[in-house]
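Q: So that we are looking at the same thing, I have put the structure below in structure tokens.
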Amino acid sequence: MNARSRTNQLLYQAELLAALPAGDDEHASARQMALEESALALFELALESLLREVTEHARLSNHRWTLLLAQEGPALAELQRLRDLAAQPESWLNWLVVQLERLHSDDGAARRTAHNPAMIAVGNPTGLRQQLLDNLQAAKHEIGALRETSLEW
């Protein structure tokens with residue numbers, strides 16, 4: 001399998017996990033958290049696969065996103081484009097970086113949902129599951145454009 005196929009496979013698998021129903025038994029909340037964090041971990045693997053894919057011409061020895069997307073990372077056009085994207089607060093990559101930092105923290109990224117009927121809902125914040133699905137779609141769109149630019153070089 002080549003890097004492009006692996007990236008696609010990981011994105012697809014992350015989307016599958018994020019879309020799975022958690023059920024409605026006593027383990028549903030824990031199962032939902034496990035699905036969300038698993039999907040995030042696959043999204044991280046997909047990001048690193050993408051980095052390997054778009055930088056294969058540079059023959060880099062390391063493809064960790066934390067190193068390649070850092071401002072002092074390698075000076076490659078594809079990486080700079082991704083760094084710029086990560087700096088945009090509304091971008092999928094900015095969202096993903098924030099979530100991955102949470103995922104690797106002691107608290108994790110997933111949160112239990114409160115089902116207290118006595119609480120008054122102030123708003124309907126988008127849950128991690130829906131955010132995952134939305135940002136996976138945005139990533140797939142952006143990756144397509146990035147691949148086209150990469151092929152032009």
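The values are calculated or read from the model by the stated rules, or taken from the named source; none is laboratory data. Remember, it's a predicted structure, so these values are computed and weren't measured experimentally. When we count neighbours, we look across all protein chains shown, and the Cβ atoms used for this are built from the backbone with ideal geometry, even at glycine. In case anyone asks, the SASA skips ligands and DNA or RNA and just uses the protein heavy atoms, side chains included. Shrake-Rupley method; radii C 1.70, N 1.55, O 1.52, S 1.80 Å.
Q: Provide a single number: the residues in segment 32-48 that are over 17 Å from Leu133 (Cβ atoms) and crowded, with 21+ Cβ neighbours inside 10 Å.
A: So in segment 32-48, the residues over 17 Å from Leu133 (Cβ atoms) come out as 45, 48.
So of that shortlist, the ones also crowded, with 21+ Cβ neighbours inside 10 Å come out as none.
Going through segment 32-48 one residue at a time, the tally reaches 0.
Q: With (1) in contact with a helix residue (DSSP H, G or I) (Cβ under 6 Å, 6 or more places away or on another chain); (2) of a type in the set (A, V, I, L, M); (3) free of Cβ contacts under 8 Å to residues at least 40 places away in the same chain as the list, and Ala14 as the residue in question, which single condition is left unmet?
A: Only one criterion is unmet by Ala14, namely (3).
Q: Inspect all residues belonging to segment 107-116 and state whether any of them is assigned to a helix (DSSP H, G or I), open to solvent by less than 50 Å² (accessible area, probe 1.4 Å), of a type outside the set (Phe, Trp, Tyr) and modelled with pLDDT of 80 or more.
A: no
Q: Mind checking which pairs have a first residue in segment 81-102 that is within 17 Å of Leu51 (Cα to Cα) and a second that is hydroxyl-bearing (Ser, Thr, Tyr) and surrounded by 13 or more Cβ atoms within 10 Å (Cβ to Cβ), Cβ under 6 Å, 6 or more apart or different chains?
A: Leu85/Ser91
Q: Then there is this: Quick one: is Gly73 without any contact (Cβ under 8 Å) to a residue 12 or more places away in the chain, loosely packed, with under 14 Cβ neighbours inside 10 Å and part of a loop (DSSP other than H, G, I, E, B)?
A: no
Q: Here's another thing I want to ask about it. Report the residue count in segment 87-106 for those that are in a loop (DSSP other than H, G, I, E, B) and either open to solvent by 30 Å² or more (accessible area, probe 1.4 Å) or touching a Ser or Thr at 6+ places or on another chain (Cβ under 8 Å) (or both).
A: Going through segment 87-106 one residue at a time, the tally reaches 7.
Q: Given (1) assigned to a helix (DSSP H, G or I); (2) at pLDDT below 90, where does Arg31 come up short, assuming only one miss?
A: Here Arg31 meets the rest and fails (2).
Q: Does Leu151 fit the bill of being out of contact with any Pro (no Cβ under 9 Å at 6 or more places or on another chain), of a type outside the set (Asp, Glu), modelled with pLDDT under 85 and farther than 27 Å from Ala22 by Cα?
A: Spelling it out, Leu151 is indeed out of contact with any Pro (no Cβ under 9 Å at 6 or more places or on another chain), of a type outside the set (Asp, Glu), modelled with pLDDT under 85 and farther than 27 Å from Ala22 by Cα.
Q: Hey, does segment 3-26 have a residue that's of a type in the set (Ser, Thr, Tyr), in contact with a His (Cβ under 9 Å, 6 or more places away or on another chain), surrounded by fewer than 20 Cβ atoms within 10 Å (Cβ to Cβ) and assigned to a helix (DSSP H, G or I)?
A: No; the residues of segment 3-26 include none that is of a type in the set (Ser, Thr, Tyr), in contact with a His (Cβ under 9 Å, 6 or more places away or on another chain), surrounded by fewer than 20 Cβ atoms within 10 Å (Cβ to Cβ) and assigned to a helix (DSSP H, G or I).
Q: Looking at Arg59, Arg52, Arg83, can you tell me which residue is farther than 15 Å from Arg147 by Cα, surrounded by fewer than 20 Cβ atoms within 10 Å (Cβ to Cβ) and modelled with pLDDT of 90 or more? Lay out the reasoning, then the answer.
A: Working: Arg59 fails: modelled with pLDDT of 90 or more; Arg52 fails: farther than 15 Å from Arg147 by Cα.
After ruling out the rest, the residue left standing is Arg83.
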